[in-house]
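Below you'll find the structure, written out as structure tokens, and then a few comments.
Just so you know, all these numbers are worked out from the coordinates, no wet-lab data involved. Remember, it's a predicted structure, so these values are computed and weren't measured experimentally. Here the Cβ positions follow ideal geometry from the backbone for every residue, glycine too, while neighbour counts run over all protein chains shown.
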Amino acid sequence: MIKESVIAELQKIVGKENVKTEKETLRAYSYDGTTSWQHEPDVVVFPTSTKEISEIMKLANTEKIPVTPRGGGTNVSGGSIPIMGGIILCTTKMNKILKVDKENLTATVEPGVVLQDLTIRLAKEGLFFPPDPQSFLGATIGGIIAENAGGPACVKYGVTKQYILGVEVVLPTGEIINLGGRTLKNVVGYDLLHIYISSEGTLGVITKAELKLNPLPPARKTIMGVYDDVAKAGENVFRILENGVIPGKIELLDNWVINRIEEMMPMGLPKDADAVLLFEVDGIPEAVERETEKIVEIAKKYGATDVRVAPNQAEADKYWMARKAGFAAVFGKAKTVFAEDVTVPRGQIPALINKCKELAKKYNVEIVVLGHAGDGNLHPAILTDINNKEHYERAVKAMDEIIEGAVEFGGVLSGEHGIGLEKQKFLKRQLEPAVIDMMKKIKGLFDPNNIMNPGKIWE
């Protein structure tokens, strides 16, 4: 338990209205987007400035109180769960878009800015921030940076780390530092900026970020390929890319997901299809037309039973709404869901999909597949119930083998969700001991008292 004197100090720093200890609040901040982890903090604090965060961290470091940074809590690896109790430092009140610089294609934002709000603001200027995690309605920029978030647009535009020019960070000891800058090129000393991208809140609190932006493409089209075998859909991904077409997005939905979406919100998806692929091409109109024709041609050549080009933006929006509804469909059908996040080389997508099918039969569990097929990042989801011990244990074994299979196929155990609490036991299988030891030494250098999101990444 945190001492009353510490609560009083926190109230002095941020005001009584921004310090919450009510049971309801502690319960609300005890979980994130996962369904198998929960732990209450001792207090939830809502700072409104970098200076306040600095003072909070100085106090926590002196008192050796665990601090878990948190934004929208949409992450699905347990990263924002206060597993050791202590302080939840929630940045959602630091939600200002400080500057949009159209001339230099940059934006300066606070960590609590919700991605959807940023997207709407930038669209007014004819700009966009390419990383597009599907939790965009609640995900905040601080969390997106801390998790190096991705999303459907990664196949063409890359992940968050390609779009962060600089950050302001409060260290666990309270010092305020600035890393990177506002220019595209910067080789002044070690590239410490990128240590904070994917750091999962274990090295400090991001309090401001300088983002790189792109102009909005003038044209875009959506194509849906329908397949009688989900592995054929996987093969189509690399066939299209090897033919020189790089769509903005390539997304996969399997039969189970298609039918659950149709139950929730009928959209005319082909319910008898084993899988569909959604492609989006963007750019100048002439290039978009040519790339659309090429995708249709290649998809038909390599096994698509039907290929549909959305005739207008309203139809295209329906297709993409279906993809966005995918996780809701999955999480609504089971008490506990293991939403896996593995990435393999694109040529190994069929092998990973077939592996999931084999494991579903082997362990008699429901495994459904959706994800960002264009960059090999799939999200096999295993439906189970943590209260059904026997079924849950089978689901855990299936999950373990999916991750092991991804690594065997030359992939990685996490593409965009991070390690958090979910995948700690697999880290030693992916990284050499010397690499893990190096990470721990970096952690010790930045956070000597181990107060910053302790218990995450490694056991």
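Test of understanding: ordering 359, 252 by Cβ neighbours within 10 Å, fewest first, what list do you get?
Final ranking by Cβ density, sparse to dense: 359, 252.
Please label the shape of region 26-144 as rounded, prolate or oblate, based on the square roots a ≥ b ≥ c of the eigenvalues of the alpha-carbon gyration tensor (a/c under 1.5 means rounded; beyond that, a/b larger than b/c means prolate, else oblate). Working shown, then result.
Details: a/c = 3.17, a/b = 1.58, b/c = 2.00.
Because a/c hits 1.5 or more and a/b fails to exceed b/c, region 26-144 counts as oblate.
In what order do 293, 110 fall by count of nearby beta-carbon atoms within 10 Å, going from fewest to most?
Arranged by neighbour count, lowest to highest, 293, 110 become 293, 110.
Can you check what the net charge comes to around residue 53, using other residues whose Cβ is under 12 Å from the Cβ of residue 53 (Lys, Arg +1; Asp, Glu -1)?
In short, -1.
Add -39500 (n - 2.57) for each DSSP H run of 4 or more in the chain, then divide by its residues: what number comes out at 222 nm, to the nearest 500 deg cm²/dmol?
Numbers: 16 runs with 165 residues, N = 459.
It comes out at -10500 deg cm²/dmol, rounded to the nearest 500.
Ignoring trypsin sites (Lys or Arg not before Pro) that are buried or in helix or strand per DSSP, and keeping those with at most 16 other beta carbon atoms within 10 Å, what is the longest stretch of the chain between them?
Result for the longest clean stretch: 336-459.
How far is helix 349-363 tilted, in degrees, relative to the longest principal axis of the Cα atoms in the chain, given as a value from 0 to 90 rounded to the nearest 10?
The angle comes out near 80 degrees.
What nm value, rounded to one decimal, do you get for the distance between residue 387 and residue 429 when each label is placed 7 Å out toward the C-beta?
3.0
Measure off 7 Å from each Cα along the Cα-to-Cβ vector at residue 178 and residue 335, then give the distance between these two points in nanometres to one decimal.
The answer from the label model is 5.2 nm.
To the nearest 10 degrees, how steeply does helix 4-14 sit against the main Cα axis of the chain, on a 0 to 90 scale?
Long axis of 4-14 versus the principal axis of the chain: about 70 degrees.
Taking 25 Å as the cut-off for C-alpha to C-alpha distance, list the pairs among 156/301; 271/355; 124/221; 249/443; 96/440; 96/161 that go past it. If you can, show how the numbers build up before the last one.
Details: 156/301 23 Å; 271/355 23 Å; 124/221 21 Å; 249/443 35 Å; 96/440 33 Å; 96/161 21 Å.
Those over the limit are 249/443; 96/440.
Mind running the shape call on region 219-327? Use the C-alpha gyration tensor, a ≥ b ≥ c as the square roots of the eigenvalues: rounded below 1.5 for a/c, prolate if a/b tops b/c, oblate otherwise.
Cα axes put region 219-327 in the oblate bin.
Among 129, 279, which comes first, then next, by fewest other beta-carbon atoms within 10 Å? Provide the component values of the computation, followed by the final result.
On the way: 129 22, 279 29.
Least crowded to most crowded, the residues run 129, 279.
Which entries in 300/361; 16/58; 335/397 show an alpha-carbon gap greater than 23 Å?
Flagged as over cut-off: 300/361.
Could you tell me whether region 1-216 comes out rounded, prolate or oblate from its Cα gyration tensor? Rule is a ≥ b ≥ c as square roots of the eigenvalues, rounded for a/c under 1.5, then prolate if a/b exceeds b/c, otherwise oblate.
prolate
Can you give the direction-averaged projected area of the convex hull of the alpha-carbon atoms in the chain, in nm²?
Average of the hull's projected areas for the chain equals 21.8 nm².
Sequence neighbours fewer than 8 away in the same chain don't count; with that in mind, list the aspartates and glutamates whose C-alpha is under 12 Å from residue 208.
Counting by Cα, and skipping residues close in sequence, residue 208 has these aspartates and glutamates nearby: 110, 168.
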